[in-house]
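Structure record follows, encoded as structure tokens.
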Amino acid sequence: MVELSSLDVILIIVFFAITLFIGVYVSKQSGKSAAEYFLSGRNMPWWLLGVSMVATTFSTDTPNLVTDIVRTNGVSGNWVWWAFLLTGLLTVFVYAKLWRKSNVNTDIEFYELRYGGAPARFLRGFRAIYLGIIFNILAMSAVTLAAIKIGAIMLGLQPWETVIYAGTITVIFSALGGFKGVVYTDFILFFTAMAGALGAAYYLVGLPEVGGLDALLQHENVVDKLNILPDFSNTEALITLLIIPLAVQWWSSWYPGAEPGGGGYIAQRMLAAKNENHAIGATFFFNIMHYALRPWPWIIVALASLVVFPDIASIHEAFPLVAEDKLGHDLAYSAMLTKLPSGLLGLVLASLVAAYMSTISTHLNWGASYIVNDFYNQQINRNASEKQLVAVGRMATVVLMVCSALLALVLTNALQLFDIILMFGAGTGLIFILRWFWWRINAWSEISAMFVSGIVSILLNFTELGTYFFGTDGLLPSWAKFPIIVLFTTIVWVSVTFLTQAESKLVLQKFYKKIQPGGPGWQKIVSEAREENIELVNNKEGWSVPSGILAMLVGCALIYSAMFATGYFIYGEYINAFLLTGSAIIFGFLLIKLWKKIKVNVL
């Protein structure tokens, strides 16, 4: 537990006051209609939306998760989420403009644009509850769990105290300000959070027990954790940390913020953009910041924690009041922050509060948008007025906050929840990628994938069946669990696709005419329409997906080069760092040329 100085307290109070002021200030505008409350009138610029995406994914549980990964598997362990860059850039260069062109209010509303009849209505309503409530509460509980651990380590707060203090202010400004309040505050939250993360990393590396960056990188507890790529001689680590994430996980698994084909709160921001180009610009800015630059301050603190707190026992010894069910490697980040001086401590605490509020407020508004637009307004009250929709949205915001807070009180660590969420979405990602470009996919494809993925994940993770098949005493190695779930789910949904009736000609033609997806996967529908003297193609620019995929690959090379270069500069390996910087510049020039082929002509 640390003692806050007057300066620390003032910094935190000022930060809270600014956030609440923004929520109250925009509340009148946000309350005019559901479109204003959830999408801010679809007139947001790319830079504001991009910053909001970065702020949203910089949560209190993120540095804890990265610390847990680094202490357990080394820096290379981060490939479990670094691999999602491929998903992110596919969204940037292929799907961002498609989402903006769809003009739906939520990505769940997409189901009744792409599919038809009762299955589409069921899918929309069920996914609204499944993602907007169940998955959303799981994600928010992980964030709140991290806040609980920070409160316990740094301020000596009981879990319920942290939930009350942090949650109350967040839910007030979220319910009042809606999406506009979230995005505006995200702009302030982002810079506060980054300043805190950078300041903490700089100071903590200079601690006497750490001895500076050079001493840190040579310390016996740290040396074997530094590799950015896994040890190629360790087959199991190579498969688990690199091959599966890059070969299977990025395209096959649904995860909040990294949905294949875009979705969730990332789609919400694309839908709120001024036009398709602003949607593309926002998502690209987000991916650069999210992967190339932001992780390194957390990684440095995680490495320094291995010197100061080499194991969980040392953390427990230093903080004996922390409940045993909350102990884990992820606590090391909060433990390190207790060593910060006055002023910087207040800034870092404010930055952690900023990270918490940004993520929770986004999840609250996003989840409420599903409940209002895709469940309440579709299943309960189709004639609801705009004021009623906003009122239900504000009520849903409060309920989601309470439920996630209660769940957080019984959870143990962030990595545990990350793995569970990842497993539950295994095998569904390929549908989200292909449904835009293959006419044959229908509502039953998605319904079957969703249920099979969830059921198989439960069986293999929470029953003796998983123990029998996977692990040290099982028939298969533990790393095989994820690919098996993906394979089984894929076989089922592909079989269901061909065994069930295709969507009606009218639904498919209407979707194509609005979205203009192009490509060989729609050729049958386009040809049949022409035979009926119906012209569906009105895009004279041709099919941009091949250029988009090439841009995705070049963009990945650019961002990974920048990410590696940053790491090697920190490690003092300047030859590698400069070579990778040069590589990033070259790929940047190539990407600018490709952008001209992808950019949408907006009148």
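Derivation of every value follows stated rules applied to the coordinates shown; laboratory data play no part. This structure is a prediction, so every number in the text was calculated from the model and none was measured. Backbone-built Cβ (ideal geometry, glycine too); neighbour counts: all protein chains shown.
Points worth noting:
- The simple Förster model, with R0 at 60 Å and r as the Cβ-Cβ distance, assigns Ser33 and Thr338 a FRET efficiency of 0.85.
- Between Leu475 and Phe451, the FRET efficiency estimated from the beta carbon spacing at R0 = 30 angstrom works out to 0.75.
- Hull volume per residue, based on the alpha-carbon atoms of the range 244-377 and their convex hull, is 192 Å³.
- Direction-averaged projected area, Cα convex hull, the range 123-206: 7.4 nm², rounded to one decimal.
- Each semi-axis of the equivalent ellipsoid for the range 45-104 is √(5λ) with λ an eigenvalue of the Cα gyration tensor; in descending order they amount to 29, 15, 8 Å.
- The orientation-averaged projected area of the convex hull spanned by the Cα atoms of the range 252-291 comes to 2.9 nm².
- Two-decimal log10 I(q)/I(0) for the range 1-41, as the Debye equation yields it once each C-alpha is a single scatterer, q = 0.17 Å⁻¹: -0.58
- Cross-link partners of Lys387 among lysines (Cα-Cα below 30 Å; sequence separation of 8 or more within a chain): Lys28, Lys32, Lys101, Lys180, Lys274, Lys514
- Sequence-distant residues sharing a close amide H with Phe470 (under 5 Å, placed H): Leu475, Leu476
- Dividing the convex hull volume of the alpha carbon atoms of the range 518-573 by its residue count gives 76 Å³ per residue.
- Extreme residue, positive dipole direction of the chain, given options Phe190, Val537, Leu85 (C-beta unit charges): Val537
- Gained length - Ile585 relative to Val24, 0.36 nm times residue gap less alpha-carbon distance: 197.6 nm
- Degrees between helix 46-57 axis and first principal axis of the chain (Cα, 0 to 90, nearest 10): 60 degrees
- Dipole check for the chain: with +1 at the C-beta of Lys and Arg, -1 at the C-beta of Asp and Glu, and the Cα centre as origin, the magnitude is about 2700 Debye.
- Per residue, the convex hull spanned by the Cα atoms of the range 431-499 measures out at 81 cubic angstrom.
- Computed over the range 299-391, Cα set: Rg, Dmax in Å: 21.2, 62
- Take the Cα of Ser6, step 7 Å toward its Cβ, do the same at Gln379, and the gap between the two points is 5.5 nm.
- Principal semi-axes in Å for the range 1-139 [√(5λ), Cα gyration tensor, largest first]: 33, 26, 16
- Whole-Hz couplings from phi, Karplus 6.51/-1.76/1.60, listed for the range 398-409; x for Gly and Pro: 5, 5, 4, 4, 5, 5, 5, 5, 5, 5, 4, 5
- Range of Cα positions in the range 204-310 per principal axis (Å), largest first: 51, 35, 19
- In degrees, nearest ten, helix 136-150 long axis to first principal axis of the chain (Cα): 10 degrees
- Distance in nm between pseudo-label sites at Ser314 and Gln501 (7 Å out along the Cβ direction from Cα): 6.7 nm
- Helix 295-308 axis versus longest C-alpha principal axis of the chain: approximately 30°, rounded to the nearest ten.
- Shown in residue order for the range 372-385 are the 3J(HN,Hα) couplings computed by the Karplus curve 6.51 cos²θ - 1.76 cosθ + 1.60 at θ = phi - 60°: 6, 6, 10, 10, 4, 6, 9, 9, 10, 9, 6, 9, 5, 6 Hz (x for Gly and Pro).
- Integer Hz, Karplus 6.51/-1.76/1.60 couplings in order for the range 82-99, x for Gly and Pro: 4, 4, 5, 4, 4, 4, x, 6, 5, 4, 4, 9, 10, 9, 4, 6, 5, 4
- Computed helical MRE - 222 nm, the chain, DSSP H runs ≥ 4 contributing -39500 (n - 2.57), nearest 500: -21000 deg cm²/dmol
- Per residue, the average separation of C-alpha pairs within less than 8 Å and at least 6 apart gives the range 431-499 a relative contact order of 40 percent.
- Stokes-Einstein D for the range 283-343, Kirkwood Rh over Cα pairs, 10 °C, 1.306 mPa s (µm²/s): 120 µm²/s
- Seen from a random direction on average, the alpha-carbon convex hull of the chain projects onto 27.1 square nanometres.
- Cα centroid of the range 521-561 to Cα centroid of the range 187-212, whole Å: 44 Å
- Extension gain from Lys596 to Leu321, taking 0.36 nm per residue of separation minus the Cα-Cα distance: 93.2 nm
- Stretching Asn234 away from Lys387 to a fully extended chain increases their span by 49.1 nm, per 0.36 nm per residue minus the current alpha-carbon distance.
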